[in-house]
Amino acid sequence: MRLTLLSNSTTVEGQESRILRDLNEPLVDHAEGQLFLNDAFKIIMEEVLCKGTDIKQKVCEWKEPEELSLLLDLELRATGEPRERLLQRVKDVAKYSIKTSHPRFFNQLFAGVDYHALAGRFLTEALNTNLYTYEVAPVFVLMENEVLRGMRQLVGWTEGDGIFCPGGSVSNMYAMNLARYQLLPDVKRQGLFGLPRLNVFTSSESHYSVKKAAAFLGIGTDNVIFVKVDDGLRKKAVHGRFVHDRLVSQGAVPFLVSCTCGTTVRGAFDPLDLIADVCEKHKLWMHVDAAWGGSVLFSKQHAHLMQGVNRANSVAWNPHKMLATGLQCSALLLQDTMNLLRNCHSANATYLFQQDKFYDVKFDVGDKSVQCSRKVDCLKFWLMWKAVGSNGFADRVDKAFSHAGYLVDQIKKREGFCLLQEPDFVNICFWFIPPSLRGKEGNADYQDRLAKVAPVIKERMMKQGTMMVGYQPLGNKVNFFRLVVFSPVLSQKDMDFVIDEIERLGNDL
């Protein structure tokens with residue numbers, strides 16, 4: 001080996017000389033990079049924001065996984081590719097991705113585009129900072145505080161705390177962790193050893209993240225108690241009191257009630273005042289998962305759906321859903337003013353959170369989070385709020401309800417369409433009954449045959465690219481469509497199209 005090195009000494013010396021020269025030059029060619037970015041933005045504007053919002057264009061260009069992998073050429077290699085090839089890759093990614101800003105994308109609880117928020121998203125990526133200390137994110141520490149303050153005011157709190165989280169599931173987990181820490185603060189140091197059996201109350205229609213949080217925090221999914229609901233999927237507080245007393249008599253310690261405002265499938269709202277009475281009586285932490293429904297607070301006409309939310313200890317709210325702020329934008333709001341969030345989650349890392357800094361260290365917010373790296377999620381919402389104001393948000397919420405009401409009226413008038421129930425929110429749940437099944441509700445195989453209708457129509461709409469609507473079973477209800485109506489790019493024509501298109505795709509079934 002030594003002889004080899006000696007024989008190649010000239011080559012090695014040449015490499016060292018080249019490396020020293022390279023160190024004097026930046027690795028990134030800014031001019032070339034900015035030229036590429038400019039061209040990539042042109043493709044994004046054309047393929048995503050022009051074609052991707054045009055009703056004459058497809059919502060999706062469906063491909064099976066094997067074919068899509070080949071089309072995208074996903075393999076990573078040792079050498080880089082030329083600029084033109086990279087621009088084609090940008091175009092391919094845009095072409096084969098689902099156009100979630102399209103007016104006929106009704107598949108999820110996020111849809112549409114707001115261009116002020118999108119500008120904020122672009123700016124967030126360009127600035128690329130971490131929201132944990134004032135020294136690296138001074139603008140966004142102050143901005144997040146102000147946005148959270150504005151959201152708390154809508155809840156009805158003049159004081160409090162909060163933080164933006166990476167999704168509503170994490171917000172719900174934080175709330176559960178805070179509730180446990182407030183009750184049993186030694187758990188932070190001592191862990192689960194010696195803890196009593198803890199119980200969480202929630203409704204059977206609550207988000208699955210409640211169970212996930214219980215599993216993640218060591219509480220256990222068996223200790224999540226699903227309280228009975230009535231036909232409108234509202235929690236029966238009377239039943240909750242009964243279950244609470246029974247659990248206490250068995251030595252368990254109930255500590256949290258997780259309410260839901262805007263359930264994922266049917267869009268139901270729990271009766272918060274009734275639940276608050278129970279929580280106050282038994283000293284239980286009341287959390288409101290309003291990730292989907294929280295935006296009704298902007299509307300004077302519809303805010304009554306969350307009557308009593310001001311009595312909660314914590315609220316999860318995702319503006320990236322009904323307000324179309326863009327993924328992700330998820331806030332956890334707290335009524336607490338005693339630094340519970342920081343005390344529960346802090347680790348006091350001295351390389352970040354020095355206490356002898358030259359500025360007020362209360363603005364170093366990173367120890368409120370279980371994360372170290374935390375993305376800036378407030379800018380897009382702040383810029384959007386600045387652009388349209390609270391009144392503009394109220395108009396958007398009210399318009400979503402108007403679209404939902406119009407669609408419900410059309411469903412009732414159209415033969416072959418059957419509502420699951422009268423909606424409280426903008427979740428419209430219904431069956432399409434093809435001509436071959438009409439009048440045969442009493443047949444033994446009716447439910448089995450009806451269950452197959454929605455999946456076939458969903459496959460057809462996606463392969464043709466005309467729209468996207470979700471479906472699911474629920475309890476003893478076989479597959480039905482769930483259409484969510486809230487995107488700011490929607491019009492009445494889109495509501496009419498949904499009914500006509502489902503009928504077209506399913507009439508021969």
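The values are calculated or read from the model by the stated rules, or taken from the named source; none is laboratory data. None of the values given here were measured: they were computed from a predicted structure. Every residue, glycine as well, gets a Cβ built from its backbone with ideal geometry; the counts of neighbours run over all protein chains shown. These accessible areas exclude ligands, DNA and RNA; they are computed on the full protein's heavy atoms, side chains included. Shrake-Rupley method; radii C 1.70, N 1.55, O 1.52, S 1.80 Å.
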Test each condition in (1) touching a helix residue (DSSP H, G or I) at 6+ places or on another chain (Cβ under 7 Å); (2) closer than 26 Å to H304 by Cα; (3) crowded, with 16+ Cβ neighbours inside 10 Å for W431 and report the one that comes out false. (2)
Exactly one of (1) of a type in the set (S, T, Y); (2) open to solvent by 40 Å² or more (accessible area, probe 1.4 Å); (3) in a loop (DSSP other than H, G, I, E, B) is unmet by S390. Its number? (3)
Quick one: in segment 254-268, which of the residues that are surrounded by 24 or more Cβ atoms within 10 Å (Cβ to Cβ) and part of a loop (DSSP other than H, G, I, E, B) is farthest from the chain's Cα centre (by Cα)? A268
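Specify which of the listed residues (Q335, Q354) is touching a residue at least 24 places away in the same chain (Cβ under 8 Å) and open to solvent by 10 Å² or more (accessible area, probe 1.4 Å).
Details: Q354 fails: touching a residue at least 24 places away in the same chain (Cβ under 8 Å).
Just a single option satisfies the conditions, and that option is Q335.
For segment 132-205, please list each of the helices (runs of 4 or more DSSP H) lying entirely inside it that holds at least 1 residues being among the β-branched types (V, I, T) and in contact (Cβ under 8 Å) with a residue 24 or more places away in the chain.
138-155, 168-183
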Count - residues of segment 285-310 that are in contact with a strand residue (DSSP E or B) (Cβ under 7 Å, 6 or more places away or on another chain), under 22 Å from E159 (Cβ atoms) and surrounded by fewer than 24 Cβ atoms within 10 Å (Cβ to Cβ): 1
Within the group L68, L49, L37, which residue is open to solvent by less than 60 Å² (accessible area, probe 1.4 Å) and either free of Cβ contacts under 8 Å to residues at least 12 places away in the same chain or within 12 Å of K95 (Cβ to Cβ) (or both)? L68
Looking at this structure, is V59 in contact (Cβ under 8 Å) with a residue 60 or more places away in the chain and within 30 Å of P103 (Cβ to Cβ)? yes
Give the residue, chosen from D222, D277, that is open to solvent by 10 Å² or more (accessible area, probe 1.4 Å) and modelled with pLDDT of 95 or more. D222
Can you spot a residue in segment 186-198 that is at pLDDT 95 or above and buried (at least 20 other Cβ atoms within 10 Å of the Cβ)? yes
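Take K380 and tell me if it is open to solvent by 20 Å² or more (accessible area, probe 1.4 Å) and out of contact with any Asp or Glu (no Cβ under 6 Å at 6 or more places or on another chain).
Judged against the criteria, K380 is not a match.
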Failed item, numbered, when N130 is tested on (1) touching a Lys or Arg at 6+ places or on another chain (Cβ under 7 Å); (2) under 21 Å from A312 (Cβ atoms); (3) surrounded by fewer than 22 Cβ atoms within 10 Å (Cβ to Cβ): (2)
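If you go through segment 337-349, how many residues are part of a loop (DSSP other than H, G, I, E, B) and touching a Ser or Thr at 6+ places or on another chain (Cβ under 8 Å)?
At the first step, the residues of segment 337-349 found to be part of a loop (DSSP other than H, G, I, E, B) are 337-339, 346-349.
Then drop every residue that is not touching a Ser or Thr at 6+ places or on another chain (Cβ under 8 Å), which leaves none.
The qualifying residues number 0.
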Only listed residue being within 30 Å of I499 (Cα to Cα), open to solvent by less than 70 Å² (accessible area, probe 1.4 Å) and modelled with pLDDT of 95 or more, chosen from V136, V90, V113, V141: V113
Restricting to segment 402-414, name every residue that is under 21 Å from H320 (Cβ atoms) and either open to solvent by 30 Å² or more (accessible area, probe 1.4 Å) or touching a strand residue (DSSP E or B) at 6+ places or on another chain (Cβ under 8 Å) (or both). A404
I want to confirm something. Restricting to segment 89-105 and keeping residues that are basic (K, R) and more than 19 Å from the chain's Cα centre (by Cα), which single residue is farthest from K42 (Cα to Cα)? R104
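Residue by residue, here is whether (1) under 24 Å from the mean Cα position of the chain (by Cα); (2) in a strand (DSSP E or B) holds:
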| site | (1), (2) |
| --- | --- |
| G251 | no, no |
| V296 | yes, no |
| Q301 | no, no |
| N310 | yes, no |
| H320 | yes, no |
| A324 | yes, no |
| A331 | yes, yes |
Going by what's in this entry, would V456 be described as of a type in the set (V, I, T) and more than 18 Å from I98 (Cβ to Cβ)? yes
